[in-house]
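The values are calculated or read from the model by the stated rules, or taken from the named source; none is laboratory data. Note that the structure is a prediction, hence the values are computed from the model and not measured. When we count neighbours, we look across all protein chains shown, and the Cβ atoms used for this are built from the backbone with ideal geometry, even at glycine.
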Amino acid sequence: MNKKNPGNQDEQEKARKLSEDEQKRLEAFEQLSQDMVREGYRRVELTVSIKKANLFAVLLLIPLLVVGFGLFFLLHHEITEDFHAYSFFIVMAVCFVLVVVHELIHGLSWSIFAEHHWKDIAFGFMTQYLTPYCSCRVPLSKGQYIFGALMPLVILGILPMIAGILTGSILTLFVGIIMADAAAGDILIVWNLLKYRSEAKQIVYMDHPTQAGGVVFER
């Protein structure tokens with residue numbers, strides 16, 4: 001069994017000031033964690049540092065641009081779409097709104113599997129990192145967790161990229177690239193989950209209430 005306890009090692013991030021609602025959710029989560037440990041479970045952190053996620057987003061943007069625009073020009077050879085001085089600002093405004101939609105998609109996806117559906121979903125905002133987030137309060141299976149984590153990438157990133165390439169809309173392609181890059185943290189979270197190996201017979205997956213990523217309880 002993997003004896004390491006991977007996860008967010010940034011103590012400054014973990015010690016950030018929490019809102020009243022976040023503090024209540026964290027206390028409830030820690031109580032649940034203590035109960036499960038008493039029942040013989042081992043807690044394994046699979047959380048991700050926001051700083052690491054932001055660095056990965058910078059690196060991820062390069063292949064997204066190369067692949068996206070490479071396929072676009074391979075298919076269309078030139079840009080026929082009209083551009084205006086305000087086109088850039090429109091794209092940025094659309095992406096700003098889609099950042100909120102990104103979190104709503106997480107919540108809607110996980111609520112499908114949660115016992116009390118939407119009531120088991122919570123939202124928060126990391127002020128110092130200007131990062132909104134969504135959290136599921138109840139246990140999920142590995143597949144359910146991954147499904148909810150990747151749905152914003154698919155709906156807001158991959159599908160618009162494909163649509164922009166096929167229709168010749170460079171603006172749609174650009175929105176898709178930005179939103180796919182905005183899912184860099186989600187990709188890291190899923191990667192951590194997939195690469196973690198355990199020989200435990202019982203495994204419970206929980207979303208961390210105040211940090212990016214999840215926690216595994218196993219016995």
Practice problem: Could you run through the stretch 95-116 and say how many residues are surrounded by fewer than 17 Cβ atoms within 10 Å (Cβ to Cβ) and under 23 Å from residue 166 (Cβ atoms)? | Solution: 1
Quiz item: Out of all the residues in the stretch 167-206, which are aromatic (Phe, Trp, Tyr), surrounded by fewer than 20 Cβ atoms within 10 Å (Cβ to Cβ) and part of a helix (DSSP H, G or I)?
Solution: 191
Exercise. Consider only pairs whose beta carbons are under 7 Å apart and that are at least six residues apart or on different chains; among these, list those whose first residue lies in the stretch 69-96 and is more than 30 Å from residue 132 (Cα to Cα) and whose second residue is of a type in the set (Val, Ile, Thr).
Key: 71/165; 72/165; 72/170; 75/165; 79/170; 81/170
Quiz item: What about residue 129, is it in contact with a helix residue (DSSP H, G or I) (Cβ under 8 Å, 6 or more places away or on another chain), of a type in the set (Phe, Trp, Tyr) and either buried (at least 17 other Cβ atoms within 10 Å of the Cβ) or within 21 Å of residue 30 (Cβ to Cβ) (or both)?
Solution: no
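So that you can scan it fast, the table gives a plain yes or no per residue for (1) more than 22 Å from residue 58 (Cβ to Cβ); (2) at pLDDT 90 or above:
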| position | (1), (2) |
| --- | --- |
| 176 | no, yes |
| 193 | yes, yes |
| 198 | yes, no |
| 201 | yes, no |
| 208 | yes, yes |
